[in-house]
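Peer 1: The following block contains the structure, expressed as C-alpha cells.
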Amino acid sequence: MNRNGENKPSGSISWEQLQEDTLSVILKGDWKNPPKTDILADFLKMLKKHFDLRSVTINGSDITSWDTRLVAHLWKIQNLAKQYEVETVLQSFPRGIPRLLNLAETSRGRESAEPESLDETFLSKIGEVSLDVTTETVRMLDFIGALFIGLFNFLRGKARFRVSDVWFFLQDSGANALPIVSLISFLVGVIMAFVGAVQLTQFGAQIYVANLVGIAMTREMGALMTAIIITGRSGAAFAAQLGTMMVNQEIDALKTFGFEPMEYLVLPRFLALTIMLPPLALYADFLGIMGGALVGWAMLDLSFLQYFEQTRSALNPQHFLLGLLKAFIYGALVATAGCMRGLQSGRSASAVGKATTSAVVTGIVFIIVASAVTTYIYTVLGW
C-alpha cells in the first residue's frame with residue numbers, strides 16, 4: 001500500500017505463443033511490486049504444455065521500475081529454460097539487468113566451499129578418478145594432435161602467425177630469464193661441489209669435484225634446472241595469458257575471424273621455448289661450473305687453472321650434446337603444458353588461477369618423466 005493506504009499496482013506478466021517453437025513473455029508495470037502468482041510454476045506449465053518450444057523471448061520494454069527481485073525472477077526462468085534446452089532472449093530491458101544476469105552466470109562456475117559428501121563409496125571414487133583420467137588423456141591427445149598439425153603446416157610454410165610474436169617470446173623467455181637462471185645455476189654448481197667435496201676429501205680425491213660438477217651440469221642438471229625455472233616463469237605465464245584470453249572471449253573472436261588459435265597463439269610460444277631452452281641450458285652449464293670452481297678455490301685449495309683443466313679433461317662434446325638434446329625436449333614439453341592448460345581454462349578468474357597452477361605442475365611432471373626416460377635411453381645406448 002502507498003502512503004494514502006491505497007493498493008499499489010503491481011507488475012504484470014503475460015504469456016503468448018508466437019509460433020510452435022517460440023514463446024513470448026511480456027513484462028509490464030512496476031516490478032518493485034511483482035505479481036503474487038507463482039511465475040516459475042506458470043512457466044513450468046507452459047514448458048510441459050508446449051514441449052516443442054525452442055526459444056523464449058522476454059520483452060521488458062513496458063517495465064516502469066524494478067529492483068533485484070525482477071533479476072531473481074529472470075534468473076530462475078533462464079535456469080529452468082536451460083534444463084529443458086530452451087533458449088531465452090531478453091529484449092528491451094534496462095541496461096543494468098543483462099549485466100546482473102551475466103554476473104550471476106559468471107559466478108555459477110565457482111566451486112562451492114562445502115565439503116564433499118561423506119556418503120561417497122570407495123568404488124564411486126575409483127570410477128570418478130578413472131573417468132577424470134580418461135577425459136584428461138583424451139583432451140591431452142587432442143591438443144597434441146592439433147599441435148602436430150600446426151607444426152606440419154609450419155614446415156610447409158602455411159602456418160598463419162606473426163613472426164614478431166616469436167621474437168617477442170624469444171626475448172621474454174630467453175634474455176629476460178638470464179638473471180634467475182644465472183642465480184639458480186650458479187648455486188646448484190656450488191651445492192654439488194660442496195656435497196662432493198665433503199665426501200671426496202675423505203679419500204684425498206678432491207680434484208675430482210671438477211669431474212662431478214662438470215659432467216652432472218652438462219648432462220643433466222643444467223638442462224633440468226633451467227627447464228624447471230622456465231616452467232615456473234614462462235609456462236605459467238603462457239597459461240595465464242591464454243586463460244585470460246579465454247575469459248575475455250578473445251580466442252572466440254580469433255576463431256570468428258578465421259584464425260586458428262593453435263597456429264596464431266600456441267605455435268609462436270612453442271617455437272620460442274624449443275629454440276631458447278638449449279642455449280639457456282648451455283649458459284646454465286657454464287654458471288654451474290663457475291660455482292663449482294668457486295668452491296674448489298675456497299675450500300679445496302685448488303687454483304682456477306687446476307679446476308678448469310680437470311673439467312676440460314673430464315668433459316667431451318658428447319656430454320654437451322646430450323644435455324642440449326634434453327633441453328630441446330624439455331622446452332617442447334614446457335610450452336605444451338603451458339599452452340594446453342591455458343586453452344583448457346574456464347571463463348572465470350579462479351579458473352585462470354587453476355590453469356596457471358596446473359600448467360606448472362604438469363610441466364614439472366613432464367620434465368621429470370622425460371628426464372628419467374632419456375637417462376635410461378642414454379644408459380642403454382651406452383652414451
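The values are calculated or read from the model by the stated rules, or taken from the named source; none is laboratory data. Predicted model only: the values in this text are computed from it and were never measured. Cβ coordinates were reconstructed from backbone atoms using ideal geometry, including for glycine residues, and neighbour counts include every protein chain displayed.
Peer 1: Within segment 110-133, take every residue that is of a type outside the set (A, V, I, L, M, F, W, C) and either outside any loop (DSSP other than H, G, I, E, B) or surrounded by 10 or more Cβ atoms within 10 Å (Cβ to Cβ) (or both) and give me the one that is modelled with the highest pLDDT.
Peer 2: Ser130
Peer 1: Still on this structure: Within segment 358-383, how many residues are closer than 19 Å to Leu273 by Cβ and not hydrophobic (A, V, I, L, M, F, W, C)? Spell out the reasoning first.
Peer 2: Step one: of segment 358-383, the residues closer than 19 Å to Leu273 by Cβ are 358-371, 374.
Now narrow it down to the ones that are not hydrophobic (A, V, I, L, M, F, W, C): 358, 362-363, 371, 374.
Matching residues across segment 358-383 total 5.
Peer 1: Also: Go over the candidates Arg269, Arg341, Arg347 one by one and state the one that is among the basic types (Lys, Arg), at pLDDT below 90 and more than 20 Å from Phe186 (Cα to Cα).
Peer 2: Values: Arg269 fails: at pLDDT below 90; Arg341 fails: at pLDDT below 90.
Among Arg269, Arg341, Arg347, only Arg347 is among the basic types (Lys, Arg), at pLDDT below 90 and more than 20 Å from Phe186 (Cα to Cα).
Peer 1: Among the residues that make up segment 138-157, is at least one of them aliphatic (A, V, I, L, M), more than 28 Å from Leu325 (Cβ to Cβ) and in the same structural domain as Gly296 (by TED's automatic domain parsing)?
Peer 2: The initial filter retains those residues of segment 138-157 that are aliphatic (A, V, I, L, M), namely 138, 140-141, 144, 146-147, 149, 151, 155.
Checking which are more than 28 Å from Leu325 (Cβ to Cβ) leaves us with 138.
Restricting the remaining residues to those that are in the same structural domain as Gly296 (by TED's automatic domain parsing) gives none.
Looking for residues that are aliphatic (A, V, I, L, M), more than 28 Å from Leu325 (Cβ to Cβ) and in the same structural domain as Gly296 (by TED's automatic domain parsing), one finds none in segment 138-157, hence no.
Peer 1: Residues to consider are Gln206, Gln202; find the one that is surrounded by fewer than 19 Cβ atoms within 10 Å (Cβ to Cβ) and either touching a helix residue (DSSP H, G or I) at 6+ places or on another chain (Cβ under 9 Å) or within 25 Å of Gln306 (Cα to Cα) (or both).
Peer 2: Values: Gln206 fails: surrounded by fewer than 19 Cβ atoms within 10 Å (Cβ to Cβ).
Going through Gln206, Gln202 in turn, just one is surrounded by fewer than 19 Cβ atoms within 10 Å (Cβ to Cβ) and either touching a helix residue (DSSP H, G or I) at 6+ places or on another chain (Cβ under 9 Å) or within 25 Å of Gln306 (Cα to Cα) (or both): Gln202.
Peer 1: Can you find, within segment 296-324, the residue that is farthest from Thr135 (Cα to Cα) among those that are surrounded by fewer than 16 Cβ atoms within 10 Å (Cβ to Cβ) and of a type in the set (A, V, I, L, M)? Give the steps one after another, and end with the answer.
Peer 2: To start, the set of residues in segment 296-324 that are surrounded by fewer than 16 Cβ atoms within 10 Å (Cβ to Cβ) comprises 297-299, 301, 303-305, 309, 312-313, 316-318, 321.
Still in the running and of a type in the set (A, V, I, L, M): 298-299, 305, 321.
Numbers: Ala298: 55, Met299: 54, Leu305: 57, Leu321: 37 Å.
Checked segment 296-324; the qualifying residue farthest from Thr135 (Cα to Cα) is Leu305.
Peer 1: Another question about this same structure. Which condition does Val266 not pass, out of (1) closer than 25 Å to Gly157 by Cβ; (2) β-branched (Val, Ile, Thr); (3) surrounded by fewer than 24 Cβ atoms within 10 Å (Cβ to Cβ), if it passes all the others?
Peer 2: The number of the failed condition is (3).
Peer 1: To continue, here is another question. If the requirement is being over 22 Å from the mean Cα position of the chain (by Cα), part of a helix (DSSP H, G or I) and either exposed (fewer than 12 other Cβ atoms within 10 Å of the Cβ) or not assigned by TED's automatic domain parsing to the domain that holds Leu280 (or both), which of these qualifies: Ser164, Ser185? Walk me through it before giving the result.
Peer 2: Values: Ser185 fails: either exposed (fewer than 12 other Cβ atoms within 10 Å of the Cβ) or not assigned by TED's automatic domain parsing to the domain that holds Leu280 (or both).
The unique qualifying residue is Ser164.
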